[in-house]
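The values are calculated or read from the model by the stated rules, or taken from the named source; none is laboratory data. No experiment lies behind these values; they were computed from the predicted model shown. Cβ placement follows ideal geometry from the backbone for every residue including glycine, while neighbour counts extend to all protein chains displayed.
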Amino acid sequence: MKPVTSSITAAQGFSTGAVHCGLRSNPEKKELALIVSSVPCTAAAVYTSNQVKAAPLYLNMKHLANGKAQAITVNSGNANACAINDAKNALLQAEAAAKKLNLDVEDVLVASTGVIGQELPIEKIVAGTDAIVLGQDPLESAHAIMTTDTKVKEYAVEFELDGKIVRLGGIAKGSGMIHPNMGTMLCFITTDAAISSECLSQMLKANVKKTFNRISVDGDTSTNDMCIVLANGLAGNTEITGEGTDYETFKTALKVVMEHLAIAIASDGEGASRLITVEVKNAATEDQAETLAMSVASSSLLKAAVFGADANWGRVLCAMGYSKAEFDPARVDIYFASKNGEVLVCKAGKGIEFDEDKAARILEPDAIEIIADLHEGEKQATCWGCDLTYDYVKINGDYRT
């Protein structure tokens, strides 16, 4: 398995294009994109756990009832959520793409991201869809789906199935409102592998649990989160219809891409200056380790301490304590680590003397690691977050206005 370029169009048969259609005032900012396969695809999706869901999600649930799709239309700048005509406009957006691409509307999926509660100017979406030219650099579409993101999020890999070369790649957006399950994130993945929609759905759900559901920026779960995978089968491998070697190979490749995108989202949290990786090791169960790690990665107080390069390990142990996971605090060791070294700050649940200057240096880089050793078993889990800076409040204080 090796990384390749072209992300969302790395796989055979996929093309994309993006355009500025007037949803934003900046004419340089594209905010509408199409992702299209030349042939029908098996498809699967996972959606936000928020009880308030945007209209495109309900439309996609309906369109994916048969496990098939061929195109995705996606816009930034407006969430099309909780607006009077949201359902009508989601369908009109799908119909505009279907008309342009000569597809059945049921084969088009829709995604939106942006401000909640405002009417989607559908006339701009329709005109913009007609103006999109396919065959563009996939980075154009990766930029088009960004809202407060500061970095493009894309990744693709190449691997072998059944003696055939297969590619799998994706793009994602997400910077704020990031918290399981999932968290405002959109992710679109394409592959030329042949795989049943049932297997694709199983793998997607299993991998979401260990990737996108293990990141947190601010504790908010969006109304619009979704992750969609399209598989068109053009690689020519024997279709994966059940568990086996090819099933596991594909599942691993899918996880590699999803984890890469998830970490990119966590590191690009709104206003963030540091990626925080939290590893809980030597746990009794993986679920125990995940719950504890997620609680630490989600702690606002811990995030603030990391922003200040303050080795306040008490906030780590405190976050573990309110996680509701059973563990023995008297056995826990806590370390802070980065490219600048590692320091033990808590031994057997108690504070110890350590070099504060060294700890501050360890917390200076833009990627730091917090390690909690439970000494209870052999399982582990890793979650990701970011620090909490002044800029987070600045960004979200006037996001709508």
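Somewhere in region 103-117, is a residue at positive phi, at pLDDT 95 or above and not β-branched (Val, Ile, Thr)?
no
Answer yes or no as to whether ALA44 is buried (at least 19 other Cβ atoms within 10 Å of the Cβ) and assigned to a strand (DSSP E or B).
yes
In region 213-234, which residues are modelled with pLDDT of 90 or more and either in a loop (DSSP other than H, G, I, E, B) or more than 12 Å from the chain's Cα centre (by Cα) (or both)? Within region 213-234, VAL229, LEU230, ALA231, ASN232, GLY233, LEU234 qualify.
Output yes when any residue across region 326-335 is buried (at least 16 other Cβ atoms within 10 Å of the Cβ), within 30 Å of THR147 (Cβ to Cβ) and of a type in the set (Ser, Thr, Tyr), and no when none is. Checked region 326-335: no residue is buried (at least 16 other Cβ atoms within 10 Å of the Cβ), within 30 Å of THR147 (Cβ to Cβ) and of a type in the set (Ser, Thr, Tyr). Quick check: is even one residue across region 277-288 surrounded by 23 or more Cβ atoms within 10 Å (Cβ to Cβ) and within 22 Å of VAL393 (Cα to Cα)? No: zero hits. Which one of these does GLY233 not meet: (1) in contact with a Ser or Thr (Cβ under 8 Å, 6 or more places away or on another chain); (2) under 30 Å from THR150 (Cβ atoms)? The single condition GLY233 does not satisfy is (2). Contact annotation: residue pairs with Cβ atoms under 6 Å, 6 or more positions apart or on different chains, pairing a residue in region 138-151 that is assigned to a loop (DSSP other than H, G, I, E, B) with a partner that is at pLDDT 90 or above and buried (at least 23 other Cβ atoms within 10 Å of the Cβ), are ILE145/VAL74; ILE145/SER76; ILE145/LYS173; ILE145/LEU186; MET146/LYS173; THR147/SER76; THR147/THR113; ASP149/LYS173.
Only one of the numbered conditions (1) assigned by TED's automatic domain parsing to the domain that holds THR150; (2) within 20 Å of THR150 (Cα to Cα) is not met by PHE307, and that is (1). Checking each residue in region 290-322 for being farther than 22 Å from ASP357 by Cβ, crowded, with 19+ Cβ neighbours inside 10 Å, among the small types (Gly, Ala, Ser) and more than 21 Å from the chain's Cα centre (by Cα) picks out only ALA319. Which of the residues belonging to region 47-72 are in contact with an Asp or Glu (Cβ under 8 Å, 6 or more places away or on another chain), under 12 Å from GLU106 (Cα atoms) and assigned to a strand (DSSP E or B)? Within region 47-72, LYS68, ALA69, GLN70, ALA71 meet the criteria.
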